[in-house]
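Bear in mind that the values in this text are calculations on the coordinates, not laboratory data. Since this is a predicted model, take the numbers as computed values, not measurements. Cβ: placed from backbone, ideal geometry, glycine included. Neighbour counts: every protein chain shown.
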Ligand code: PAN
Ligand code: ZN
């Protein structure tokens, strides 16, 4: 790294109960209208938006490290509890443009991470407080709040990894997590996900 790009050390305080990061560099609020085609039930989405409801699906607080090689981005995400149709609130999900790994740490709440390789293989891991999930290079990842409280987690990834949302928007994930009366059910969707290619 060019010495001119060196930045000073910094520190933040995380509130495990709320997901707040103090100080933070960037905050994002993602509403239903910004979720693209993430939720399978387009009628349920249109119905909610048509009634003038545009609920917040998740929020995030990023530390704000430079988006340069060698740096680590880290941010908290707060996925609200709720459903759209029979699908739990979740993140949009993405591959990283530069295949590289990511580590998640559960801080509060109950959720599942759906991870998927470009050949359509998928794996689901529970994400709860104190649990880490390692996302290897090349695996898309989406986080689903299956509980009745906020799902809060920390994610750490390479700052220059980039985010490929388009592959997910076009091909979806090979599994969806549906809310059933007896709890969450992971439902494979073979026609989705499998044809994802790098962009
Ligand atoms: C996370 C996610 C965050 C929001 O920080 O970006 O939870 O999810 P989407 O970006 O899929 O909407 C991460 O995986 N960063 O790489
Ligand atoms: Zn990621």
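Using the count of nearby Cβ atoms within 10 Å as a rough guide to exposure, how do 165, 104 rank from fewest to most?
Starting with the residue having the fewest Cβ neighbours, the order is 165, 104.
In whole Å, what are the extents of segment 87-199 along the principal axes defined by its C-alpha atoms, from largest to smallest?
Largest first, segment 87-199 extends 37, 31, 17 Å along its Cα principal axes.
Once fully extended, how much extra length lies between residue 182 and residue 130, figured as 0.36 nm per residue of separation less the alpha-carbon to alpha-carbon distance?
Computed gain between residue 182 and residue 130 is 16.2 nm.
Could you give the radius of gyration (one decimal) and Dmax (whole number) of the Cα atoms in the chain, in Å?
16.8, 57
Sort 113, 35 by Cβ crowding within 10 Å, fewest neighbours at the top.
Starting with the residue having the fewest Cβ neighbours, the order is 35, 113.
May I ask for log10 I(q)/I(0) of segment 70-142 at q = 0.18, 0.25 Å⁻¹, from a Debye sum over the Cα atoms as equal point scatterers with solvent left out?
So the normalised log intensities are -0.78, -1.34.
How large is the helix-only mean residue ellipticity at 222 nm for the chain, computed as the sum of -39500 (n - 2.57) over DSSP H runs with n ≥ 4, divided by its residue count, in deg cm²/dmol to the nearest 500?
-2000 deg cm²/dmol
Counting other beta carbons within 10 Å of each residue's own, what order do 103, 45 fall into, fewest first?
So the ranking, lowest neighbour count to highest, is 103, 45.
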